[in-house]
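Some notes on the structure that comes next.
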């Protein structure tokens, strides 16, 4: 029998026959044999993620955002409290936006003195595919009280203009 994934176990999305097996009288918890590597770590891949416990390289955080549209623009909002506007890097193409930055930690106490550590410190980024093409030269970004707002004017595909054909008179030779 294949073990349910972490998400299946978390949400309770386990087939009924698995419940029957677990609840059977002859089943004792811990009967399943799990592979153990040379360090004594469980080899169950469903519990692992991309963050290796033995790897202490800092991970880049993903910036949470809101994105909505008005009649003439796409607006992206993100909380960037603690980040200087000069330390934000915003790259825009006609159909994609990438926001990068770094939130520096000001540690006033040693790690042993913290009761909770929930704030994110370090580098972060977010790349968003835009639902419509935008005019990148008219994009605007503003930060106020830690809220970044990027306003991207939509490309007006219905806009047209009349083009006049110019005539060049070639001098007679």
| query | Are any residues in the range 93-103 within 16 Å of the chain's Cα centre (by Cα) and over 17 Å from residue 121 (Cα atoms), and if so, which ones? | reply | 96, 97, 98
| task | Being within 12 Å of residue 123 (Cβ to Cβ) and part of a loop (DSSP other than H, G, I, E, B) is the filter; apply it to the range 52-78 and report the residue that is modelled with the highest pLDDT. | result | 63
| query | How many residues, within the range 123-173, are surrounded by 10 or more Cβ atoms within 10 Å (Cβ to Cβ), without any contact (Cβ under 8 Å) to a residue 40 or more places away in the chain and closer than 19 Å to residue 100 by Cα? | reply | 3
| task | Collect the residues in the range 79-102 that are over 18 Å from residue 143 (Cβ atoms) and assigned to a strand (DSSP E or B), keeping them in residue-number order. | result | 96
| request: Identify all residues within the range 88-119 that are surrounded by 12 or more Cβ atoms within 10 Å (Cβ to Cβ) and under 13 Å from residue 63 (Cβ atoms); write none if there are none. | output: 88, 90, 97, 98, 99, 100, 101, 102, 103
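The values are calculated or read from the model by the stated rules, or taken from the named source; none is laboratory data. Just so you know, these numbers come straight off a predicted model, no measurement behind them. In this analysis, Cβ positions are derived from the backbone assuming ideal geometry, glycine residues included, and neighbour counts consider all displayed protein chains.
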